[in-house]
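Written below as structure tokens is the structure these notes are about.
The values are calculated or read from the model by the stated rules, or taken from the named source; none is laboratory data. As the structure is a computational prediction, the values presented were derived from the model and not from experiment. Cβ sites come from the backbone with ideal geometry, for glycine too, and all protein chains shown count toward neighbours. Note: areas computed on protein heavy atoms with side chains; ligands, DNA, RNA excluded. Shrake-Rupley method; radii C 1.70, N 1.55, O 1.52, S 1.80 Å.
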Amino acid sequence: MNASQLLENEYSGHFVTYIKEAGDGKLIEELEISLHDFIRFVQNIPMDKFDYRYAEGKWTIKDIIQHIIDTERIFAYRALRFSRFDKTPLPSFEENDYANNTNSNGRSIQELLTELSAVRHSTLLFYKSLSEEQLKAIGTASNNPISVRALGFVIIGHQKHHQKIFEERYL
């Protein structure tokens with residue numbers, strides 16, 4: 001299944017940017033490919049850039065990688081709940097509170113990439129285990145409807161979005 005095959009009722013406008021960023025590859029393949037592409041990309045960033053902030057109060061590359069990890073965990077948790085047909089609306093989260101309460105800048109880039117890889121492998125195993133019915137299940141998160149499969153594409157698109165930010169503002 002590709003992102004372009006998602007139905008209009010499977011996600012709200014809040015997630016359109018990330019869905020478009022995901023591209024039009026198949027969900028499982030893109031979850032795998034995008035991880036490898038991102039790790040390769042990050043490994044080619046000069047070491048002196050990992051703690052760089054392009055403006056006062058902005059996150060470092062390490063902060064953003066931790067943000068990608070945290071966000072994937074949250075989106076995968078939402079997908080788990082919805083795939084099990086849990087209709088409880090899930091709240092939003094404040095990304096800045098999460099970023100302000102990590103030790104990302106005290107960690108090595110390799111530690112962060114290893115954690116990202118572990119989280120993505122967990123996400124992959126989860127998505128591979130789902131039936132078509134589970135992938136199409138829709139729940140409510142941040143007051144917006146979203147399907148399990150749309151959340152998978154959001155995970156991909158969110159990561160790609162931040163990679164573009166690295167290219168535009170950090171390198």
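So if we plug the beta-carbon distance of Asn103 and Lys128 into 1/(1 + (r/R0)^6) with R0 = 30 Å, what FRET efficiency do we get, rounded to 0.05? Don't skip to the end; give the middle numbers.
Details: r = 32 Å, r/R0 = 1.05.
Result of the calculation: an efficiency of 0.40.
Calculate, for the chain, the solvent-accessible area per residue in square angstrom, rolling a 1.4 angstrom probe over the heavy atoms of the protein chains. Please list the in-between numbers first.
On the way: 8710 Å² over 171 residues.
I get 51 Å² per residue for the chain.
On segment 1-144, 49 percent of the accessible area sits on carbon and sulfur atoms, based on a 1.4 Å probe.
Considering the values [x] -0.58; [y] -0.46; [z] -0.30, which represents log10 I(q)/I(0) by the Debye sum over Cα atoms at q = 0.09 Å⁻¹ as calculated for the structure under consideration? Label of the calculated value: [z]. Taken about its Cα centre, the chain carries a charge dipole of about 200 debye when Lys and Arg each add +1 at the Cβ and Asp and Glu each add -1 at the Cβ. The distance linking segment 92-171 with segment 15-37 is 11 Å (Cα centroid to Cα centroid, whole angstrom).
The residue among Gln66, Leu125, Phe85 whose Cα reaches farthest toward the positive pole of the charge dipole of the chain, with charges on the beta-carbon of Lys, Arg, Asp and Glu, is Phe85. Simple spin-label estimate for Ala55 and Glu111 gives 3.0 nm between the two label positions (7 Å along the Cα-to-Cβ direction from each Cα).
Pairs exceeding 26 Å between alpha-carbon atoms, taken from Lys58/Lys160; Lys58/Lys136; Lys62/Lys164: Lys58/Lys136. Per-residue ellipticity at 222 nm, computed for the chain from helices alone with -39500 (n - 2.57) per DSSP H run of at least four residues, works out to -17500 deg cm²/dmol.
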